[in-house]
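To start, the structure under review is shown below, and the notes come after it.
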Amino acid sequence: MNRPAGAVDTHLSPSLFSGSLGTEPLLAVDNLHVEFTTRQGVARAVNGVSYSLDAGETLAVLGESGSGKSVTAQAIMGILDMPPARIPKGEIRFRGTDLLKLSESARSQIRGQQIAMVFQDALSALNPVFTVGWQIAEMFRVHRGMGRKAAYAKAIELMERVRIPAAKQRVNDYPHQFSGGMRQRIMIAMSIALDPEILIADEPTTALDVTVQAQIMELLAELQRESNMAMILITHDLGVVADVADKIAVMYAGRIVENAPVHDVYKNPAHPYAKGLLESIPRVDLKGQELYAIKGLPPNLLDMPTGCAFHPRCPYKQDECVTEVPPLHQISGTRSSACHYWREVLDGTAG
Amino acid sequence: MAPQGEPILEVRDLVKHFPLTQGIVLKRQIGAIKAVDGVSFDLHRGETLGVVGESGCGKSTLAKLLMALEQPTSGTVRVAGRDLGSARGAELKGIRRNIQMVMQDPYTSLNPRMTVGDIVGEPYEIHSEVAPKGDRRKKVQELLEVVGLNPDHINRYPHQFSGGQRQRIGIARGLALQPEIIVCDEPVSALDVSIQAQVINLLERLQNEFNLAYIFIAHDLSVVRHISDRVAVMYLGKIVEIGKDTEIYDRPSHPYTQALLSAVPVPDPEGREHRERIILQGDPPSPANPPSGCRFRTRCWKAQEICAEQEPLLQIRPGTDHESACHFAEAHDVVHVS
């Protein structure tokens, strides 16, 4: 199959990606690269990721382990260990200023106050030897210079805001005395303590039961409505994404392979990887049949396939895919796909 | 796969209480964690029973009881008509051969110092009648091929494999003794999304090939639905509802099942604003001190006085077509958006 004649790639520079033209979005990640120096060589965890986020918006970053979704988030937060990590290229602009060019002290002003993060595993993210009240109050003591008493009062207020029952009595409990869902609420309380403009939630419900997951997602949505916070939700759960996201960035092997409003992706994916993920969800009407499975394994970051990183697993593979890295083709104003054959994928023809 | 004939696995009133003790020298029992508290079900040849529930509801303890890794406090487990509880020595060994397990985490359930061949072949050390010594290597290679691994990799170590491949090794080990029942405790939850489908397909293929019966424990309800013929929903050590997959998913009648199903995010953004959501408040009560009567009543929106006084039995209720343990059971479709 040849590419259709006249397929001129509208090859946009990443900076055009940032939402509405002219106005700078709240957060813009632009052509970000992150690599880790390891004994086996250089692992390129993030290879040119660009996305943008406006106030009140929810961006879901979808990908498997090793796709670079968490590393991107850590780069935005500025909590990557450098070395071994290195950011050779790219910009992270928050309200127009490049965070990567700021000094460490300037960044720590932004971290927590403007951009905050919720981690996946609340038990290991909380310090086991301090009470939760102390840990929440720490935000106010360090960033706002509050006294101990005032900070504690604030901590109780926050615990009530994230709906921890009997917050007054529980403020002096240690993390291990709380259940998984309650610990995640404490993490959320800490992250929203200083009214950040952006909340990065890295797999906030992966370790939780579905009923608790529903509680936490509802809490996050409510907090977002109250303060018009922007949220980056990092997850591999296609169900959670469909529930809350406004737009999606699908990541594979350190790149964004599809970037689109949520409804478009689920209705009609434009990248074979996104399509494969959606098709591998067990569906009621296909019970008893074999599940569609993306063949093969995710790539090794130290030994990336040439051309398109997805080509060894792709049903749409052509010779071109092995040699040439597909650019992020612009499909419409809000949508793009990093596949040479996105038209065929969209049509559902061939494969 | 209509279940026919004698069940291969019969579980009756199975109870496991873990004692809570106080004192160091003179340990006094001050209570018990009621991990599994009166569970009964049957499993037929070639059938899959899915077990779902939140963490702490007793799913994994149930798996251990079925494997005879824990002694039940009371109740019986019969495998192919033979009682697991009263069997000793050679008889117990024989029963155990027939029921094997696939663990959740393929990163910790394989010994890193053993080669794949040793791991998969280890069951033959105990049950040497299945494969005489000379045959073992060949048998192991056959097994690796059955689960889709390269038989030449028999001398490799677990760290040389990816998560999905390791889970295949665990499955090969489970198959080694040609059991009729395999207990799968969260077999895909530690795997990447794109790999999960591969492992589920493998499990289904093996079931058809060897007529295996599965107990499939998982918290991912869409996976359970895909693979199960029947589904049991557990809450605080008890089965609250059990029935065919369509009965549970299309006509759930226990409020807990309804809440559980409605909490599962649907992977389709269409109509997400209108979806019915039953969000349960709080956490499950402690299994050391479960509520009187119906255990779900503290979080239930239908709870009345009778729920605190009288424990609802697991039985077919008026207006429903399968067993549920609720005084006010009523079929209500929460999954399909109207």
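Every number in this text was worked out from the coordinates using simple rules, so none of it is lab data. What you see is a predicted model, and the numbers here were worked out from it, not measured in a lab. Note: ideal-geometry Cβ built from the backbone for every residue, glycine included; neighbour counts use all protein chains shown.
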³J(HN,Hα) computed for each position of the range A:253-263 - Karplus, 6.51 cos²θ - 1.76 cosθ + 1.60, integer Hz, glycine/proline x: 6, x, 10, 8, 9, 8, 9, 6, x, 4, 5
Other protein chain Cβ atoms within 10 Å, averaged over every residue that makes up A:295-301: 3
For the protein assembly as shown, with the dipole built from +1 on Lys and Arg beta-carbon atoms and -1 on Asp and Glu ones, taken about the Cα centre, which of B:Gly58, A:Ile79, A:Val241 lies farthest toward the positive end? A:Ile79
Rank A:Asp54, A:Asp243, A:Asp30 by mean-square fluctuation in a GNM of chain A with C-alpha springs under 10 angstrom and give only the top-ranked residue. A:Asp243
Computed label-point distance, nm, for sites B:Ser40 and B:His127 using a 7 Å Cα→Cβ extension: 2.9
Reported to two decimal places, what Rg/Rh ratio describes chain B when computed on Cα atoms with Rh from the Kirkwood expression? 0.99
Relative to the longest principal Cα axis of chain A, at what angle does helix A:132-144 sit, 0 to 90 degrees, rounded to 10? 80
Which is farthest toward the positive dipole end of the protein assembly as shown among A:Cys314, B:Ile169, A:Met139, measuring Cα position about the Cα centre, with Cβ charges +1 (Lys, Arg) and -1 (Asp, Glu)? A:Met139
Taking θ as phi - 60°, what are the ³J(HN,Hα) couplings along the range B:102-112 by the Karplus curve (6.51, -1.76, 1.60), each to the nearest whole Hz, with x for Gly and Pro? 10, 8, 6, 9, x, 8, 10, 8, 10, 5, x
Distribution output for the protein assembly as shown: share of Cα-Cα pairs per 10 Å bin in percent, first bin at 0, values 3, 13, 22, 25, 21, 12, 4, 0, 0
Charges at C-beta only: +1 for Lys and Arg, -1 for Asp and Glu. How large is the resulting dipole of the range A:202-351 about its Cα centre, in Debye rounded to 20? 360
Quick one: putting +1 on the C-beta of Lys and Arg, -1 on the C-beta of Asp and Glu, what dipole do you get for chain B around its Cα centre, in Debye to the nearest 20? 1160
Taking Cα atoms, the helix B:193-210 axis meets the longest principal axis of chain B at an angle in degrees (rounded to 10) of 70
Taking the Cα of A:Arg95, stepping 7 Å toward and past its beta carbon, and measuring to each backbone N in the range A:22-36: which are under 15 Å? A:24-28
Where the only charges are on Cβ atoms (+1 Lys, Arg; -1 Asp, Glu), what is the dipole of chain A about its Cα centre, to the nearest 20 debye? 820
Report, in listed order, any pair from A:Lys267/A:Lys287; A:Lys287/B:Lys302; B:Lys93/B:Lys238; B:Lys64/B:Lys93; A:Lys247/A:Lys295; A:Lys154/A:Lys247 with a Cα-Cα distance greater than 25 Å. A:Lys287/B:Lys302; B:Lys93/B:Lys238; A:Lys247/A:Lys295; A:Lys154/A:Lys247
Could you work out the per residue convex hull volume over the alpha carbons of the range A:228-351, in cubic angstrom? 125
Hey, could you grab the Kirkwood Rh for the range A:112-245? Inverse mean 1/r over distinct alpha carbon pairs, Å, one decimal. 14.8
Relative to the compact globular guide of 2.2 N^0.38 Å, what is the alpha carbon radius of gyration of the range B:273-338, as a ratio? 1.27
Starting from the Kirkwood Rh over alpha-carbon pairs, what translational D in µm² s⁻¹ does the range A:15-116 have by Stokes-Einstein at 20 °C and 1.002 mPa s? 150
To one decimal place, what orientation-averaged projected area in nm² is obtained for the convex hull of the Cα set of chain A? 19.6
Estimated [θ] at 222 nm from DSSP helical runs (n ≥ 4, -39500 (n - 2.57)) normalised by residues in the protein assembly as shown, nearest 500: -8500 deg cm²/dmol
